[in-house]
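Reviewing the structure listed below.
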Amino acid sequence: SSDPAIAAVNSTGAIETFGPGEVTINAIDLASGKNGEAVLVVKPAKLLSITVSPGNPSTSVGTSITLVAEGTYTNGEVKPITPIWLSQSPGIFGFTNASAGRGIAPGVATIVATLEQITGNATVTVSP
C-alpha cells in the first residue's frame, strides 16, 4: 500500500481501510514473479442514523435539560455529533441554545435532531 493510513493489505491478503483517500495497492504473484497494481479510492463514512439521549426525557416547566446526539456511520463507528435541534411543539418545549432546552408548558413534545438530511428524535414530557 502506498499509504497505510488509508488502506493496507492484512496477513490474509484482504484489504483493510482506515480513512478516506486514494491509495495504490501492489500485488506480486510469488510463483511467477508477475506484479500489478490498482488504485483504491476510499470514500468517507456516511451518516446512517442519529440517536438522541436521553431517549424520552422528562422535565418540568421552567427547568432546562441538555440533549446529546450520536451518529452511527456506514463504517460502524458511533460518535457524538452536533445536529440542528428542533422542537415540533415549541409552546411546550423550546431550545435555549444548541442542545439545551426548557419546559415551557405541560405536555409532550417531539424533539428532532437533523444532520446531513438524517434525523433522530425523542419525546420530551413536560410536567407542571
* Asked: Is at least one residue of the stretch 42-56 at pLDDT below 95, assigned to a strand (DSSP E or B) and not small (Gly, Ala, Ser)?
  -> yes
* Asked: Filtering the stretch 91-100 down to residues that are assigned to a strand (DSSP E or B) and under 30 Å from LYS46 (Cα atoms), which residue is farthest from the chain's Cα centre (by Cα)?
  -> GLY94
* Looking only at the stretch 48-71, decide whether some residue is touching a residue at least 12 places away in the same chain (Cβ under 8 Å), under 25 Å from ILE6 (Cβ atoms), of a type in the set (A, V, I, L, M, F, W, C) and surrounded by fewer than 16 Cβ atoms within 10 Å (Cβ to Cβ). => yes
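So which residues in the stretch 65-98 are among the polar types (S, T, N, Q) and either at pLDDT 95 or above or within 17 Å of GLY120 (Cα to Cα) (or both), if there are any at all?
Residues of the stretch 65-98 that are among the polar types (S, T, N, Q), as a first pass: 66, 72, 74-75, 82, 87-89, 96-97.
Across the stretch 65-98, the qualifying residues are THR66, THR72, THR74, THR82, SER87, GLN88, SER89.
Quick grid of which residues meet (1) open to solvent by less than 70 Å² (accessible area, probe 1.4 Å); (2) assigned to a strand (DSSP E or B); (3) within 16 Å of GLY62 (Cβ to Cβ):
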site: ASN75; (1), (2), (3): no, no, no
site: PRO80; (1), (2), (3): no, yes, no
site: SER89; (1), (2), (3): yes, no, no
site: ARG102; (1), (2), (3): no, yes, yes
site: ALA109; (1), (2), (3): yes, yes, yes
site: THR114; (1), (2), (3): yes, yes, no
site: ASN121; (1), (2), (3): no, yes, no
site: VAL124; (1), (2), (3): yes, yes, yes
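The values are calculated or read from the model by the stated rules, or taken from the named source; none is laboratory data. The shown structure was predicted, so the numbers you read here are calculated from the model rather than taken from an experiment. All Cβ positions, glycine included, derive from the backbone under ideal geometry; neighbour counts span all protein chains shown. Protein only, heavy atoms only, side chains kept; ligands, DNA and RNA dropped before computing areas. Shrake-Rupley method; radii C 1.70, N 1.55, O 1.52, S 1.80 Å.
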